[in-house]
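Enquirer: Take this structure first; my questions come after.
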Amino acid sequence: VALGLLLAVFATQQLVARPSWASQERQQESITLRDILSGDPVPANDRIAYGDHLLQFGDLRFPDSPGPWPVAVLIHGGCWSDIATLQYFDRVAVAITHLGIATWNIEYRPVDAEGGGWPNTFLDVAQGIDKLRDIAVDYSLDLDHVITLGHSAGGHLALWAAARSRIYDDSDLYIPNPLPVTGVVSLAGIPELRRYRQIDPPTCGPGIVDRLMGGGPRDFPGRYLSGSPFQMLPLNVPQRHITGRNDDIVPPRQVSRHNYEAQSADDDSELIVVPDAGHYEVVWPGTPAWEQVETAIISLIGKQ
């Protein structure tokens, strides 16, 4: 029932009152990390632990309409580090919930935290997603329609999480019977860790990929085979990659190479490069880039 109403909700969303910040189009200036991290936290319907560590929790939000609701799992960016928390995605979570979709915005241990990095940053994301099985009945969640969505480093983790069925059982990242997802929306995501390691962007600090993976691909080739989405192709999950043409943190060429190889491997993959957008416009509701994000979410949430 919820899915049957979803397209109607999307088509009429302009008629419904939206959060005040959703109309802040900001088309004349670039959105910055400072903008993303600004503002007060937006309370969720519930905060739920998925593990025993203080950072193993997620914020669940659900629509006012009757459930069961499809679910978007949100994985925030921030260089896999502690420069950001799940509050990074509060605006995004509220905007997606407004579409008639429940959101599960998960926190995870960054590379800076005790126990963070390989393999626990990955395993936290996996455990957080699989937690949906435990709470689905109580919260009226439709687990036949689940997508992952992430930005930047979170885009890497969203792509990886969607492809967990591709991980061999001899990997540190292997968990049997991962929750299947309908699709993945990667926003300025980092699909290929080896190439991003060569860029070593100053925004993230030196050696960020090595800090995540515990070393380079020559030291740990198996880790990159099971932790870098590009090396896991085909993902066998529909992918929508949305990036800004002016993104200098994750250059569009990084994403276009993955998209090309994904299509060559018969994956359902599409790349949308948004003109006059940088790294953060894709996670700012109200921008033209965000309109592309909403379209991708609606498209994937109903795929079987």
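Nothing in this text is a laboratory measurement; each read-out follows from the coordinates by a stated rule. Worth saying up front: this structure is predicted, and the values here are computed from it rather than measured. Backbone-built Cβ (ideal geometry, glycine too); neighbour counts: all protein chains shown.
Enquirer: Need one number: nm distance between label points at N177 and D64, each 7 Å from Cα along Cα→Cβ, rounded to one decimal.
Expert: 3.9 nm
Enquirer: Also: Restricted to Cα positions, what overall size does region 113-262 have along the principal axes? Three whole-Å values, descending.
Expert: Computed over region 113-262, the largest-to-smallest principal extents equal 44, 33, 28 Å.
Enquirer: On to the next question. Say a site is exposed when it is one of the GluC sites (Glu not before Pro), sits in a DSSP loop, and has at most 10 other Cβ atoms within 10 Å; what is then the longest site-free stretch of the chain?
Expert: 115-304
Enquirer: Could you work out the relative contact order of region 133-197? I mean the mean sequence separation of Cα pairs under 8 Å and 6+ apart, divided by the number of residues, in percent.
Expert: Rounded, it is 41 percent for region 133-197.
Enquirer: Take F57, F122 and order them by how many other Cβ atoms sit within 10 Å, fewest up front.
Expert: Fewest-to-most ranking of F57, F122: F57, F122.
Enquirer: Contour minus end-to-end for L54 and L37, with contour as 0.36 nm per residue of separation and end-to-end as the Cα-Cα distance?
Expert: 4.0 nm
Enquirer: Moving to a separate point now. Roughly how far apart, in whole Å, are the Cα centres of region 249-304 and region 29-88?
Expert: When both Cα centres are located, 20 Å separates them.
Enquirer: Using only the alpha carbon atoms of region 87-136, find the Kirkwood hydrodynamic radius as the inverse mean reciprocal pair distance, in angstroms to one decimal.
Expert: For region 87-136, inverting the mean 1/r across all distinct Cα pairs yields 12.2 Å.
Enquirer: While we're here: What is the order of M213, M232, fewest Cβ neighbours within 10 Å to most?
Expert: The fewest-first ordering by Cβ neighbours comes to M232, M213.
Enquirer: Could you grab the relative contact order for region 2-301? Cα pairs under 8 Å, six or more apart, rounded to a whole percent.
Expert: Averaging sequence separation for qualifying contacts and normalising by length gives 19 percent for region 2-301.
Enquirer: Rounded to the nearest 20 debye, what is the charge dipole size of region 2-301 about its Cα centre when +1 sits on each Lys and Arg Cβ and -1 on each Asp and Glu Cβ?
Expert: Rounded to the nearest 20 debye, it is 380 debye.
Enquirer: Something else now. How big is the chain in terms of Cα radius of gyration and Dmax, in angstroms?
Expert: 17.7, 55
Enquirer: Also: Under the 0.36 nm per residue contour assumption, what length would be gained going from the current alpha-carbon distance of E114 and R245 to full extension?
Expert: 43.5 nm
Enquirer: Further question: Could you state, as a whole-number percent, how many of the C-alpha pairs of region 232-290 are farther apart than 13 Å?
Expert: 59 percent
Enquirer: Let me ask something else. Gaussian network model of the chain, Cα springs within a sub-10 Å range: biggest mean-square fluctuation belongs to which of G216, G154, G128?
Expert: So, out of G216, G154, G128, the one fluctuating most is G216.
Enquirer: For a quick check: sort D247, D169 by the number of other beta carbons within 10 angstrom, fewest at the front.
Expert: Neighbour counts put them in this order, fewest first: D169, D247.
Enquirer: Work out the FRET efficiency for D266 and D46 from their Cβ-Cβ distance, taking R0 = 41 Å, and round it to the nearest 0.05.
Expert: 0.55
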